[in-house]
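Encoded as structure tokens, the structure appears first; notes follow it.
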Amino acid sequence: MTTTTLDERVAKPRLLDRLVVRPEIGSLLGAVVVFLFFTVVTDQFFSGSGVATWLDDASTLGIMAVAVSLLMIGGEFDLSAGVMTASTALVTATLATQAGWNVWLALFASLVFALAVGAFNGWLVLRTGLPSFIVTLGTFLALQGLNLGVTRLVTGTVQVSGMRSTDGYESAGFVFASTVDIGGTAFQISIVWWIGFAVLAAWLLVRTRLGNWIFAVGGSAQSSRAVGVPVVRTKIMLFMTTALAAWLVGSINILRFASVQANQGIGLEFQYIIAAVIGGCLLTGGFGSAIGAAIGALIFGMARQGIVFARWDSDWFMLFLGVMLLSAVLVNNAFRRRAERVRR
């Protein structure tokens, strides 16, 4: 009798090995833990209104975290992402309320503005070879000053309001700021935008040539260029995608709240990066997940609102962020090393 030994190279990988290679597995486990914890601690957390509240909290953060995750996988950062959400909202609001433009036309103008800034960021990073951290820090400061200066010049204050009386507000508000009734509970349409954006980004990453290019340029731009990957075009597109997401979030905010402060969005860029890192992205690029970033934002929303439901001091949320960030970096590195061993 002869026995045959299955070559380990063609053996079917174990379930654990298949899970470990997924960048988002750590954030998924973390989300389950946070969900179960606050479900036990407070009754309101898992109620209809409670779920709608923490999903709403996570939605706009999630849209930006997904876009930032794509950029980080591509090996770059954008520190102007937070203030860009305010800049696009201010452009829309100023043109609609001060210049009398139809809201849809104002939205289109703010979209062009956002894409232009994103393209400029990408072009400058690749043209100069400077770290994207430095280039986008400069853009962050420039946009912050522009927001404050132009808003004060046009309105005499640091706020633009009055969107509800503008032409086209109702139809635009329906698209960007309406609610969906599910089981008698109103859920913000921003949740639908968040889910749709995450699914589209995940599909692009794992099912298209563009996704392969993103992973390649993040892993090694020089090697990618040597095998024909359009590094410049890919990275500029990633910066423009982040700007597009900022426009979407800015549009949702201005149409929902009907006003915008010139200093809005400052500091949020770090939350976007943290959510992406919690979701499995490495700071060095070439590794990560759009779905993981969406889950990272979900953890943010659950924790922030869970603390409120539990009637704890909100200052504890910053401690939670610090612990989650450090834990995510350690877990991501461990999973990446395990994934590399599995793939060999």
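The values are calculated or read from the model by the stated rules, or taken from the named source; none is laboratory data. Just so it is clear, the model here is predicted, and its values are computed rather than measured. Reconstructed Cβ throughout: ideal geometry from the backbone, glycine too, with neighbour counts over all protein chains shown. To get the accessible areas, we keep the full protein, side chains included, count just its heavy atoms, and leave off ligands, DNA and RNA. Shrake-Rupley method; radii C 1.70, N 1.55, O 1.52, S 1.80 Å.
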Using θ = phi - 60° and Karplus 6.51 cos²θ - 1.76 cosθ + 1.60, couplings along region 270-275 (whole Hz; Gly, Pro as x): 6, 5, 4, 5, 4, 4
Farthest toward positive dipole pole in the chain [+1 Lys/Arg, -1 Asp/Glu at C-beta], among Leu148, Ala245, Gly279: Gly279
Can you list residues whose amide H is under 5 Å from Leu130's amide H, if they're 5+ apart or on another chain and H is modeled 1.01 Å from N? none
Built amide H within the under 5 Å cut-off of Phe187, gap 5+: Val180, Asp181, Ile182
Give, in nm to one decimal, the length gained when the segment between Val158 and Ser223 is fully stretched (0.36 nm per residue of separation minus the Cα-Cα distance). 18.6 nm
So what are the ³J(HN,Hα) numbers for region 218-229, from phi and the Karplus equation (6.51, -1.76, 1.60; θ = phi - 60°), rounded to whole Hz, Gly and Pro as x? x, x, 6, 5, 5, 5, 5, 5, 5, 9, x, 6
So how many Å³ per residue does the convex hull of the Cα atoms of region 34-126 work out to? 137
What spacing in nm lies between the two simple spin-label points modelled at Phe270 and Leu325, each 7 Å away from Cα in the Cβ direction? 0.5
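Taking R0 as 35 Å, what FRET efficiency do you get between Gln98 and Thr179 from their Cβ-Cβ distance, rounded to the nearest 0.05? Write out the running numbers ahead of the final one.
On the way: r = 29 Å, r/R0 = 0.81.
Rounded to the nearest 0.05, the efficiency is 0.75.
Give me the 1.4 Å probe accessible area per residue for region 44-334, excluding ligands and nucleic acids, in Å².
Computed with neighbouring chains in place, this is 42 Å² per residue.
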Sorted by mean Cβ packing within 10 Å, highest first, what order do the peptides 124-131, 187-194, 69-76 take? 69-76, 187-194, 124-131
Go through 222-233, 141-152, 268-279 and give me the packing order, highest mean Cβ count within 10 Å leading. 268-279, 141-152, 222-233
Ranked by GNM mean-square fluctuation in the chain (Cα springs under 10 Å), the top entry among Ala67, Ala86, Ala177 is Ala177
Can you tell me the dipole magnitude for the chain around its Cα centre, using point charges on the Cβ only (Lys, Arg +1; Asp, Glu -1), in Debye to the nearest 20? 1220
Arrange the peptides 283-291, 240-248 so that the one whose residues have, on average, the most other Cβ atoms within 10 Å appears first. 240-248, 283-291
In sequence order, calculated HN-Hα J values of region 183-197 (Karplus, 6.51, -1.76, 1.60; Hz; x Gly/Pro): x, x, 10, 8, 10, 5, 5, 4, 5, 5, 4, 4, 4, x, 5
